[in-house]
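Input: a single structure, listed below in structure tokens.
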Protein chains: 2
Amino acid sequence: MKLSIRKDQLNEAIQQVSKASSSRPAIPILGGIKFDVTHQGVTLTASDTDISIQSFIPVENGEFVIARIEKPGSVVLPAKFFVEIVKKLPSDEIEIEVKENHQTWIRSGSTDIQMVGLDPEEFPVLPTVEETETINVPGDLLRSMIRQTVFAASTSEQTPILTGALWSLEDGLLKFVATDRHRLASRSAAVTAPADYRFTNVVISSKTLNELSKLVPDDSTPIDIIVADNQVLFKIGHVLFYSRILDGTYPDTSKIIPQQFKTELVVHTKNLTDAIDRAYLMSREEKTNVVRLVTQEDGTIEISSSSTELGRVTEQLESKEQNGEQLRIAFNSKYMLDTLKVIDSEYMYIGFNGAMSPIIVKPTDHAHSLHIILPYRTTG
Amino acid sequence: MKLSIRKDQLNEAIQQVSKASSSRPAIPILGGIKFDVTHQGVTLTASDTDISIQSFIPVENGEFVIARIEKPGSVVLPAKFFVEIVKKLPSDEIEIEVKENHQTWIRSGSTDIQMVGLDPEEFPVLPTVEETETINVPGDLLRSMIRQTVFAASTSEQTPILTGALWSLEDGLLKFVATDRHRLASRSAAVTAPADYRFTNVVISSKTLNELSKLVPDDSTPIDIIVADNQVLFKIGHVLFYSRILDGTYPDTSKIIPQQFKTELVVHTKNLTDAIDRAYLMSREEKTNVVRLVTQEDGTIEISSSSTELGRVTEQLESKEQNGEQLRIAFNSKYMLDTLKVIDSEYMYIGFNGAMSPIIVKPTDHAHSLHIILPYRTTG
């Protein structure tokens, strides 16, 4: 294997795939990036047990030559050192040559690097994904859907299935749900999908979704998604992103969503966020993050929190609408703030069924998001 | 005590003094900020055992009114919560009122905060510093002198005196020295000082100097420095910064600085920095950070490092001047990089006395900086 390649293009592809290389690999080969060089271009692959990322660098992009291939071949190079050294090389052009025993020479300007390469035959084989049905989502929508749900996933490995987000598709509507049993976030959107195509119980690790999000452009670039038996493949331009589907059955959350409410509020999203943020600072001192919300006869809302050592914060807030019974309820201010941060409309709706029942939070601009927060059961 | 005050000015003063409040105070009062309100303005004070910071907010600044004092008085408020809540208050104006038992009410727009205040009589008294002799240094110079020395101070509490920087003044020349026994950094500058005024063995914690640096403007603002028996006082506009002087005698480092060299190099600072930075990435894998420098007959320099698992980096570098014996030496690449980052001239000088003797590094533009790095004693 021998080639010369432009530093910026190589660096970009390496940064893309390196997210999938293990930082503490069980065996050295899993901490590597595989190079496959043909006369068409260079394919880089990295893989741990959960995700695999592949990026293709063509020899030219129409405007200019990116790589000159002298001899095709393959090698695996240790990712951690390679990721850092490439961007620091002195010349815009990098020569890579693999000699006997996978020994690799890298030359750039006045820098000569000799690297211990690994056998590409030992590198894990990428999952096979049969491309039968494909759904298609614009990049910015996919990023929003991920951002608006994964924060509610569990971080506890005691319930592995809840560390992921549940994806389902029905009637062209893609839906994401995440919950840690204390709160739930859901988001749906109409996507381009084959007629009658549907799936359910596709659960993807929220850590993986955060990594995926970083590789997805925040614009209308179309992202192809292919769901196979135990893998999901995302096609992002020249990048292929494979994620394992988590084992297990995701709990049915549809039944806990109330359809009627005893108290309903419509409030200004930013004003409520700021008020709860200040109450949160005080509630945090007591570790429990408890904040109280009390509706007033005059249509305003009082938000408060207290700490025996520090004191008490009390906030008065106008509501745009207030219907139903007067209410006094306590909840986790951190959970509410997480939710408020992803509500993308100027005013928001909150529905209650008394102090002991789930709180429902929704934007007022559209019906594609729904959040649930369980209240604290406190006295007084 | 009762007043109303502009949020931005109060916030600025609180951010300045809060650096001196303990985040984990031994007694609650040390985690507080003291307010002293008179008809002239508001004085804020925070203090831990090492540093005390005081900031004064006048009632007006000539252009506009900053504070309206209704009733003078004093109180101590818990710093951590107060620092965070102030900037988040909804109105540009904040009312503060202290009632019985130091109970403090803070009002801003629709926010009402009741805080448990502490007794100002229990707050530590500021050190007394007699203002006999004062030296004066421009802010940007003081920041440079700190930045160019403290990185070389020890981080080990086994030798407390070496965790500080040694300050001395003689013939109007202020000098800073820091060393951890493996490397040394020194920087001197002519400053405004009374004739015949001199001091030595003034050792200030490098942590304290880093905090001080953040409060010093990066421009020609004059900073007054007053050295007392066991305290140094810095006057930065409306801010007073008191630092304890470390106990103990700083070792005499003047004798370890060689005056003659067997090998001398002048090299381009940035080119050497980049080459050692790449070699460092490889050397880091071996934990020891060893990099080798070898002079060549043709006047170039070879920089190299190797790791048994990863391979080898070799760099060729032009030298602008090369005098004396040929040399082969090994040193800690991290220490050399730390030094190179603070060398403020395009070309730098390096002097050697063989593979076993201290390496001297200096800028070529001026004679106010001197760095020493001890070599590694390796074979081959």
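Condition first: over 20 Å from A:I343 (Cα atoms), touching a Ser or Thr at 6+ places or on another chain (Cβ under 6 Å) and surrounded by 15 or more Cβ atoms within 10 Å (Cβ to Cβ). Can you find one or more residues in segment A:214-224 that meet it? Within segment A:214-224, one or more residues are over 20 Å from A:I343 (Cα atoms), touching a Ser or Thr at 6+ places or on another chain (Cβ under 6 Å) and surrounded by 15 or more Cβ atoms within 10 Å (Cβ to Cβ).
As for segment B:144-161, it holds no residue that is under 14 Å from B:V232 (Cα atoms) and either in a loop (DSSP other than H, G, I, E, B) or touching a His at 6+ places or on another chain (Cβ under 9 Å) (or both). From the list B:T208, B:T221, B:T273, the lone residue that is in contact (Cβ under 8 Å) with a residue 24 or more places away in the chain and assigned by TED's automatic domain parsing to the domain that holds B:S319 is B:T273.
All conditions but one from (1) within 13 Å of chain B (Cβ to nearest Cβ); (2) touching a Lys or Arg at 6+ places or on another chain (Cβ under 8 Å); (3) of a type in the set (S, T, N, Q); (4) touching a residue at least 24 places away in the same chain (Cβ under 8 Å) apply to A:T104; the one that does not is (2). Condition first: crowded, with 21+ Cβ neighbours inside 10 Å, of a type in the set (V, I, T), outside the structural domain of B:P363 (by TED's automatic domain parsing) and under 28 Å from B:P375 (Cα atoms). Can you find one or more residues in segment B:169-181 that meet it? Checking segment B:169-181: at least one residue is crowded, with 21+ Cβ neighbours inside 10 Å, of a type in the set (V, I, T), outside the structural domain of B:P363 (by TED's automatic domain parsing) and under 28 Å from B:P375 (Cα atoms).
For segment A:103-136, filtered to residues that are out of contact with any helix residue (DSSP H, G or I) (no Cβ under 7 Å at 6 or more places or on another chain) and charged (D, E, K, R), the residue that is farthest from A:L10 (Cα to Cα) is A:E133.
A:S357 satisfies every condition listed in (1) surrounded by 15 or more Cβ atoms within 10 Å (Cβ to Cβ); (2) outside any loop (DSSP other than H, G, I, E, B) except (2).
Looking at this structure, is B:E211 surrounded by fewer than 22 Cβ atoms within 10 Å (Cβ to Cβ) and under 16 Å from the mean Cα position of the chain (by Cα)? So B:E211 passes the test. For segment B:131-146, a tally of residues being more than 12 Å from B:Y197 (Cβ to Cβ), touching a strand residue (DSSP E or B) at 6+ places or on another chain (Cβ under 8 Å) and not β-branched (V, I, T) returns 7. Starting from residues that are without any contact (Cβ under 8 Å) to a residue 40 or more places away in the chain and more than 32 Å from the chain's Cα centre (by Cα), keep the ones in segment B:80-101 and report whichever is farthest from the other protein chains (Cβ to nearest Cβ). Filtering segment B:80-101 for residues that are without any contact (Cβ under 8 Å) to a residue 40 or more places away in the chain and more than 32 Å from the chain's Cα centre (by Cα), the one farthest from the other protein chains (Cβ to nearest Cβ) comes out as B:E100. When residues of segment A:283-333 are filtered for being over 21 Å from A:G351 (Cβ atoms), in a loop (DSSP other than H, G, I, E, B) and in contact with an Asp or Glu (Cβ under 7 Å, 6 or more places away or on another chain), how many remain? Within segment A:283-333, residues that are over 21 Å from A:G351 (Cβ atoms), in a loop (DSSP other than H, G, I, E, B) and in contact with an Asp or Glu (Cβ under 7 Å, 6 or more places away or on another chain) number 2.
If you check B:R328 against the conditions, is it in contact with a helix residue (DSSP H, G or I) (Cβ under 8 Å, 6 or more places away or on another chain), charged (D, E, K, R) and not assigned by TED's automatic domain parsing to the domain that holds B:A178? No, not satisfied. Of everything listed in (1) under 21 Å from A:R183 (Cα atoms); (2) in a strand (DSSP E or B), the single unmet condition for A:M336 is (2). Considering only residues that are away from chain A (no Cβ under 14 Å) and free of Cβ contacts under 8 Å to residues at least 60 places away in the same chain, which ones fall in segment B:306-340? Correct list: B:K320, B:E321, B:Q322, B:R328, B:I329, B:A330, B:F331, B:K334.
On inspection, B:K362 qualifies as more than 14 Å from chain A (Cβ to nearest Cβ), buried (at least 16 other Cβ atoms within 10 Å of the Cβ), of a type in the set (D, E, K, R) and out of contact with any helix residue (DSSP H, G or I) (no Cβ under 9 Å at 6 or more places or on another chain). Restricted to segment A:2-27, and to residues that are of a type in the set (V, I, T) and out of contact with any helix residue (DSSP H, G or I) (no Cβ under 6 Å at 6 or more places or on another chain), which residue is surrounded by the fewest Cβ atoms within 10 Å (Cβ to Cβ)? Among those that are of a type in the set (V, I, T) and out of contact with any helix residue (DSSP H, G or I) (no Cβ under 6 Å at 6 or more places or on another chain), it is A:I27.
How about segment A:107-152: which of its residues are hydrophobic (A, V, I, L, M, F, W, C), away from every other protein chain (no Cβ under 14 Å) and more than 29 Å from A:L169 (Cβ to Cβ)? The one that is hydrophobic (A, V, I, L, M, F, W, C), away from every other protein chain (no Cβ under 14 Å) and more than 29 Å from A:L169 (Cβ to Cβ): A:F123. Being outside any strand (DSSP E or B), of a type outside the set (A, V, I, L, M) and in contact with a helix residue (DSSP H, G or I) (Cβ under 7 Å, 6 or more places away or on another chain) is the filter here, so list the residues in segment A:48-72 that pass it. Within segment A:48-72, A:D48, A:D50 qualify.
The values are calculated or read from the model by the stated rules, or taken from the named source; none is laboratory data. The structure displayed is predicted, hence computed values, not measured ones. All Cβ positions, glycine included, derive from the backbone under ideal geometry; neighbour counts span all protein chains shown.
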